[in-house]
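What follows is a set of notes on a single structure, which appears directly below.
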Amino acid sequence: MFVPKYTITSKLLLNIKRISTLIFELNSKQYNSIVLTKMESSAREISAFSSTSIEGNPLPLTEVKRILKNKPQNLRDSEQEIINYNDTLINMKDYISQSIIDFDLSLILKIHKGVTSKLLNKFQIGKLRQESVFVNDPKKRQTIYLPPDHADIKKQLEELIIFANTNKSLIDPLILAGIFHKQFVIIHPFVDGNGRTARLVTKLILATMGLNTFNLFSFENYYNNNVSKYFEMVGVKGNYYEIKDAVDFTPWLEYFTDGIIDELLRVGQELKTSALTPDTELKDYHHQILNYINKHGYITDKDYARLTIRAKPTRNIDFNKLINQGYIERLGKGRATYYKNVVK
C-alpha cells in the first residue's frame with residue numbers, strides 16, 4: 001500500500017488558502033468568450049512548448065506557434081512532440097468536462113499513447129516498460145537514480161491510482177495532485193514520456209477543483225522557467241528500493257503550490273488586461289444585465305427598461321454586445337423574448 005510521507009506546513013497551508021481565493025476570484029467573474037478562446041489557444045501553445053522544452057526539445061515558442069498553426073507534413077521528432085502534446089490537451093477537454101473523472105491505468109496509458117505517438121516503437125507506445133531504465137544527471141552524465149524494476153511497475157502504479165481515487169474527498173486536491181505527480185515520476189513507468197504524461201495527468205486531477213478557467217492554465221510554464229529547480233524538486237536520487245520509504249513530499253508540495261499560484265496570477269492579470277480593450281470592456285449597464293440574470297435566472301427587455309433610462313434601440317445594442325461576446329443568449333420570440341447566461 002502506498003502511504004506518502006508529508007507535513008502540512010504553515011507555508012503549504014497558506015499556499016492552499018491563497019489558491020482557493022484566486023480560484024474563487026476567477027470563477028466569480030464572467031469573461032468574453034472571444035478572449036477566452038484566444039487565451040485557451042495560447043495556453044496550449046505555452047504548455048506544449050514548456051512541457052517538451054523541459055525534456056530537452058530545442059524548438060523556441062515562436063516555432064511552436066508556427067507548427068501548431070500550419071501543421072506541417074513530414075514532421076521531425078521535435079515537431080511531432082509539439083503536435084502530440086497539443087492534440088492530447090485538446091482530447092483531454094472531454095475528460096475535464098466530466099463531473100467525475102475516473103482515474104485508472106487505461107486512462108494513463110491513453111495519455112501516454114497520445115504524447116508518444118510516432119515517437120517510440122509500437123510496443124512502447126501506451127505500454128508500461130518491460131525493461132530496466134536509469135536516470136542520468138544531464139550535466140555530469142552520471143546515473144543518479146535507479147527506478148523500480150519493470151516487474152514491479154504495474155503494482156506500484158495501481159497502488160498510486162488507488163491512493164488517488166480513495167482520497168478524493170479526504171485530501172485537498174492540490175496535495176493529492178502534487179503527490180501523484182512526484183510519485184509517478186519516481187515510479188518512472190515508461191521508457192520515455194514519463195514527465196509529459198505526469199504533467200498531463202496532474203492537470204486532470206487539478207480539474208477536479210472546479211477551476212472554470214482551467215483551459216487557460218499552463219502550470220508547465222512555471223517549471224520550464226527553472227528546469228534545474230523542477231528536476232531537483234520532483235526527482236529523487238539513489239536506488240528506489242533503498243529510498244522509497246524515506247521520500248518526504250513536503251518540499252515538493254510547497255514548490256508545486258508555488259507554481260500554481262504563479263500561474264493563476266498570470267492568468268488573472270492576462271484576463272484583466274484583455275478585458276480592458278474598447279471592444280471587450282463592459283460598462284455599468286452591461287453589468288446590470290448580467291447581475292440581474294445571475295439573481296433571477298433570466299432578463300427581458302421590459303426588466304432591463306426598469307433598470308436603465310437607455311432607449312429601446314440602445315438596449316438592443318447592449319443585449320447584442322453581450323450575445324456577441326458570449327456572455328448571454330437570446331431565447332423565445334417577439335414579446336416572449338428573454339435572455340439567459342450561456343451555459344459553458
Taking placed amide H atoms and a strict 5 Å upper bound, the residues 5 or more places from Thr308 or on another chain that come that close are none
Candidate cut points under trypsin sites (Lys or Arg not before Pro) in segment 30-123, DSSP loop plus at most 12 other Cβ atoms within 10 Å of their own Cβ, are Arg76, Lys118, Lys122
The farthest towards the positive end of the charge dipole of the chain, of the residues Tyr240, Pro72, Tyr223, given +1 on Cβ of Lys and Arg and -1 on Cβ of Asp and Glu, is Pro72
In degrees, nearest 10, the alpha-carbon axis of helix 33-54 is tilted away from the dominant principal axis of the alpha carbons of the chain by 10 degrees
The computed P(r) of the chain puts the percent of Cα pairs beyond 29 Å at 46 percent
Taking 130-137, 189-196 and ranking on average Cβ neighbours within 10 Å, highest first, one gets 189-196, 130-137
Magnitude of the Cβ-charge dipole (Lys and Arg +1, Asp and Glu -1) of segment 297-344 about the Cα centre, nearest 20 debye, reported as 100 debye
Here the tail fraction of P(r) beyond 21 Å, over all Cα-Cα pairs of segment 154-239, rounds in percent to 31 percent
Using the Cα gyration tensor of segment 284-341, the equivalent ellipsoid's semi-axes, largest first and to the nearest Å, work out to 14, 13, 12
The ³J(HN,Hα) series, computed from each phi in segment 158-173 with the Karplus coefficients 6.51, -1.76 and 1.60 at θ = phi - 60°, rounded to the nearest Hz and given as x for glycine or proline, is 5, 5, 5, 5, 4, 4, 5, 6, 7, 10, 4, 9, 10, 10, 3, x
At R0 = 41 Å the Cβ-Cβ FRET efficiency linking Val133 and Asn294, nearest 0.05, sits at 0.15
Amide H contacts under 5 Å for Ile328, restricted to residues at least 5 apart in sequence or on another chain and with H modeled in the peptide plane, are Ile323, Val342
Only helices counted: for the chain, with every DSSP H run of 4 or more residues adding -39500 (n - 2.57) and the sum spread over all residues, [θ] at 222 nm is -18500 deg cm²/dmol
Tilt, helix 284-296 to longest principal axis of the chain (alpha-carbon atoms), in degrees rounded to tens, equals 80 degrees
Karplus ³J(HN,Hα) for segment 119-129 (6.51 cos²θ - 1.76 cosθ + 1.60, θ = phi - 60°; Hz, whole; x = Gly/Pro) runs 10, 10, 5, 4, 6, 10, 7, x, 10, 5, 5
With +1 on the Cβ of every Lys and Arg and -1 on the Cβ of every Asp and Glu, the dipole magnitude of segment 43-159 about its Cα centre, in debye rounded to the nearest 20, is 460 debye
With x for Gly and Pro, the residue-by-residue ³J(HN,Hα) of segment 322-334, computed from phi through the Karplus equation 6.51 cos²θ - 1.76 cosθ + 1.60 at θ = phi - 60° and given in whole Hz, is 5, 5, 5, 8, x, 7, 10, 9, 8, 10, x, 9, x
Debye calc, one equal point scatterer per Cα of segment 63-197, no solvent, log10 I(q)/I(0) at q = 0.11 1/Å comes to -0.48
Given backbone amide H placed at 1.01 Å from N, residues whose amide H is under 5 Å from that of Gly238, ignoring those fewer than 5 places away on the same chain, are Tyr145, Leu146
Among Ile205, Leu105, Leu282, the residue whose Cα sits farthest towards the positive end of the charge dipole of the chain, when +1 is placed on the Cβ of each Lys and Arg and -1 on the Cβ of each Asp and Glu, is Leu282
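All of the numbers you see were taken from the coordinates with simple rules; none came from a lab. Please read all numbers here as calculations on a predicted model, not as lab measurements. Every residue, glycine as well, gets a Cβ built from its backbone with ideal geometry; the counts of neighbours run over all protein chains shown.
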